[in-house]
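Colleague: Starting off with a structure, shown below.
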Amino acid sequence: MSKATFRTESDVARLPVPTDRPFVEYWHDTQKGFGVRIARAHSRTGAVKRTYIVRLPEGSPRDKDNLGLVGELKFDDAWDLVREKRAEAKRDGPGTKRKPTVQEAFDAYMTARAFRHKSATVRDYRNKMKRLASLTHGADDISIADLRVDTLDSAFWEQVHIRIREGYGKVMADAVCRLVKFVYQRLVELGELERNPVIALNKLGISKRAKPKNTAILPVDLPEVWTWMHSYAHPAIRDFMCVELFMGFRDGVVQRLRWENVDMVNGTYFLPKDEPGNKANTDLVVPIPDYLMEHVFKPRYAARMDDSPWVIPSNKKIGSPLVSIKASLTTMCAYTGISTSPHDYRRTFGTASELAVGSLLRVARLMAHSTAASPDKFSVTAGYINMTDEQLREDMNKTAEVILRHATQVVAKPETNGHISLHERNKQKQKAEAIAYRKKRVARNTELLKIRKAKGAAGIKETA
């Protein structure tokens, strides 16, 4: 029995819906390359998704392409698009070299340049590309990653930056556009494009690498942060912050703390050289401060789940580690007016270590910095300094004492008589911005929920 075909829009509605596979494709009886993809009914809503598709000529970089949903795109308009896309594919293929899509250009960039980056950087670039690919463009909701690089100009990428900035913040938007700039620059170097459209955005402050922040939590602010951690934060968030504060680990290391690397007898943590966040590139045994052992590691070890390898498991995703506290830091800012990033706790640890031990080389040892890559004379000296585990533990405990002394002090705020210092004004501004950001995210999520519910209701109605 031959496979079903269609000629009219009414025929499309009568085509069989698959039950034993994700989707089935049907093709027009006479018009070459014109098809419909019908997906299996949604398990919850029962909605059936029908999509017009085009089969491109042989030799094209892609064999098929989506045109639009049946019902949203008229039948005749879909057929017009089929002819346009097949004609365009014939112009671009095999006799002429077709320009790559954004995704294809990125894949080629990673193949050519990945060896220069660490595995953590490669993962970070791929995650940023996924964030970009999640955005769609045009009436047909085509992924931005599927658009051709030669069809996109500076104005387009400026709009992309605005969309990412509104949803995920300026730092993420800058980082994504900076990655796209690298991809375009490689195409320019290879002669496949004449210019890099993202470079023009540098004048707007877009795609430039942000200057490194040198901020740490001020001693005057530490008591408020400490109070919030122990009064309002979830225990997992609190312990995550404590490990960053008392051990100076990078965010990526704290995310992957595993019980198999914890020595509960000697009170140490083994940090493998290939662990993301260990930039010293050598195996390290890091003493755990006594305070942290008593208040974080021992209680968590006693209450650990037998099958969980994580020291600080996620409080939302069962079986996964806690990987981010940024949302909690925004909440803390809304309460206290103190804006911090995860790396600020590492800087606070470094500041306290210098006060406690008085030696930058010893601080470098505590913070797992690589001194071998340093061009100055102290990198040579560092190679001749061998510190025992007990000396490192003593420095760790001294650092913890400095942090605790500042965190638990009672700060008596003087009478201002109407005068507000610049620091207090900044805290008030940061608090207002954090509250506004949280309200905006709540409103955005509420609107997205309404849209999903409306689409689900429309799907059920269409099926009925």
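Colleague: Can you report the number of residues in segment 442-456 which are surrounded by 13 or more Cβ atoms within 10 Å (Cβ to Cβ) and either within 19 Å of ARG165 (Cβ to Cβ) or β-branched (Val, Ile, Thr) (or both)? Step through it out loud before you land on a result.
Modeller: The initial filter retains those residues of segment 442-456 that are surrounded by 13 or more Cβ atoms within 10 Å (Cβ to Cβ), namely 456.
Narrowing further to those that are either within 19 Å of ARG165 (Cβ to Cβ) or β-branched (Val, Ile, Thr) (or both): none.
Adding up the residues that qualify gives 0.
Colleague: Could you grab the pairs with beta carbons closer than 9 Å, sequence gap of 6+ or different chains, first residue in segment 1-21 and without any contact (Cβ under 8 Å) to a residue 12 or more places away in the chain, second one aliphatic (A, V, I, L, M) and in a loop (DSSP other than H, G, I, E, B)?
Modeller: From residues that are without any contact (Cβ under 8 Å) to a residue 12 or more places away in the chain, the pairs are ASP11/ALA4; ARG14/ALA4.
Colleague: Pick from ASN261, ASN266, ASN281: which is of a type in the set (S, T, N, Q), surrounded by fewer than 20 Cβ atoms within 10 Å (Cβ to Cβ) and within 19 Å of ALA364 (Cα to Cα)? Spell out the reasoning first.
Modeller: Working: ASN261 fails: within 19 Å of ALA364 (Cα to Cα); ASN266 fails: within 19 Å of ALA364 (Cα to Cα).
From the options ASN261, ASN266, ASN281, the qualifying one is ASN281.
Colleague: Still on this structure: Considering only residues that are buried (at least 19 other Cβ atoms within 10 Å of the Cβ) and in contact with a Ser or Thr (Cβ under 8 Å, 6 or more places away or on another chain), which ones fall in segment 314-339?
Modeller: PRO321, LEU322, LEU329, MET332, CYS333
Colleague: Please work out which one of (1) more than 22 Å from ALA356 (Cβ to Cβ); (2) hydroxyl-bearing (Ser, Thr, Tyr); (3) at pLDDT below 90 is the condition THR227 fails and give its number.
Modeller: Only one criterion in (1) more than 22 Å from ALA356 (Cβ to Cβ); (2) hydroxyl-bearing (Ser, Thr, Tyr); (3) at pLDDT below 90 is unmet by THR227, namely (3).
Colleague: Please enumerate the residues belonging to segment 42-82 that are under 20 Å from GLU104 (Cβ atoms), among the basic types (Lys, Arg) and touching a Leu at 6+ places or on another chain (Cβ under 8 Å).
Modeller: Result: ARG62, LYS64.
Colleague: Report, ordered by the first and then the second residue, all pairs with beta carbons closer than 9 Å, sequence separation of six or more or different chains, a first member in segment 188-213 that is surrounded by 10 or more Cβ atoms within 10 Å (Cβ to Cβ), and a second member that is in a loop (DSSP other than H, G, I, E, B) and at pLDDT below 80.
Modeller: GLU192/LYS97; VAL198/ILE206; VAL198/SER207; ILE199/SER207; LEU201/SER207; LEU201/LYS208; ASN202/LYS208
Colleague: Kindly check whether there is at least one residue in segment 3-14 that is under 20 Å from LYS85 (Cβ atoms), out of contact with any Pro (no Cβ under 6 Å at 6 or more places or on another chain), at pLDDT 90 or above and aromatic (Phe, Trp, Tyr).
Modeller: No, segment 3-14 contains no residue that is under 20 Å from LYS85 (Cβ atoms), out of contact with any Pro (no Cβ under 6 Å at 6 or more places or on another chain), at pLDDT 90 or above and aromatic (Phe, Trp, Tyr).
Colleague: In segment 287-304, how many are over 19 Å from VAL253 (Cβ atoms) and buried (at least 17 other Cβ atoms within 10 Å of the Cβ)?
Modeller: Total satisfying the criteria: 0.
Colleague: Which helices (runs of 4 or more DSSP H) does segment 6-117 wholly contain that include 1 or more residues that are of a type in the set (Phe, Trp, Tyr) and under 27 Å from ALA454 (Cα atoms)?
Modeller: 75-92
Colleague: Let me ask something else. Quick one: in segment 43-61, which of the residues that are loosely packed, with under 13 Cβ neighbours inside 10 Å and among the charged types (D, E, K, R) is modelled with the highest pLDDT?
Modeller: Looking at the filtered set, the residue picked out is ARG44.
Colleague: Then there is this: Among the residues of segment 127-186, count how many are of a type in the set (D, E, K, R) and under 26 Å from LYS326 (Cβ atoms).
Modeller: Number satisfying all stated conditions: 11.
Colleague: Moving on to the next point. So which residues in segment 75-98 are modelled with pLDDT of 80 or more and touching a Ser or Thr at 6+ places or on another chain (Cβ under 8 Å)? Walk me through how you get there before you give the answer.
Modeller: Going through segment 75-98, the residues modelled with pLDDT of 80 or more turn out to be 75-86.
The answer is PHE75, and nothing else.
One line per residue, one yes/no per condition, for (1) assigned by TED's automatic domain parsing to the domain that holds ARG365; (2) surrounded by fewer than 17 Cβ atoms within 10 Å (Cβ to Cβ); (3) of a type in the set (A, V, I, L, M):
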position: PHE240; (1), (2), (3): yes, no, no
position: VAL254; (1), (2), (3): yes, no, yes
position: ASP274; (1), (2), (3): yes, yes, no
position: VAL285; (1), (2), (3): yes, yes, yes
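Colleague: Turning to a different aspect of this structure: Specify the residue that is modelled with the lowest pLDDT; the eligible residues are those in segment 344-368 that are part of a loop (DSSP other than H, G, I, E, B) and surrounded by fewer than 18 Cβ atoms within 10 Å (Cβ to Cβ). If you could, list the steps in order and put the result at the bottom.
Modeller: Of segment 344-368, the ones part of a loop (DSSP other than H, G, I, E, B) are 358-359, 367-368.
Add one more test, that the residue is surrounded by fewer than 18 Cβ atoms within 10 Å (Cβ to Cβ), and what stays is 358-359.
Numbers: GLY358: 82, SER359: 78.
Top of the filtered list is SER359.
Colleague: A further question follows. Before we move on, is ALA145 buried (at least 17 other Cβ atoms within 10 Å of the Cβ) and small (Gly, Ala, Ser)?
Modeller: Spelling it out, ALA145 is indeed buried (at least 17 other Cβ atoms within 10 Å of the Cβ) and small (Gly, Ala, Ser).
Colleague: Can you pull out every residue in segment 152-173 that is surrounded by fewer than 17 Cβ atoms within 10 Å (Cβ to Cβ) and either without any contact (Cβ under 8 Å) to a residue 24 or more places away in the chain or assigned by TED's automatic domain parsing to the domain that holds ARG62 (or both)?
Modeller: Result: ALA155, GLN159, ILE162, GLU166, GLY169, LYS170.
Colleague: Looking for whichever is closer than 26 Å to ASP221 by Cα, at pLDDT 80 or above, among the β-branched types (Val, Ile, Thr) and touching a Ser or Thr at 6+ places or on another chain (Cβ under 6 Å) here; the options are THR399, THR408. Which one fits?
Modeller: Working: THR408 fails: touching a Ser or Thr at 6+ places or on another chain (Cβ under 6 Å).
The match here is THR399.
The values are calculated or read from the model by the stated rules, or taken from the named source; none is laboratory data. Remember, predicted model here, so these are calculated numbers, not experimental data. No Cβ is skipped: glycine too gets one built from the backbone with ideal geometry, and neighbour counts run over all protein chains shown.
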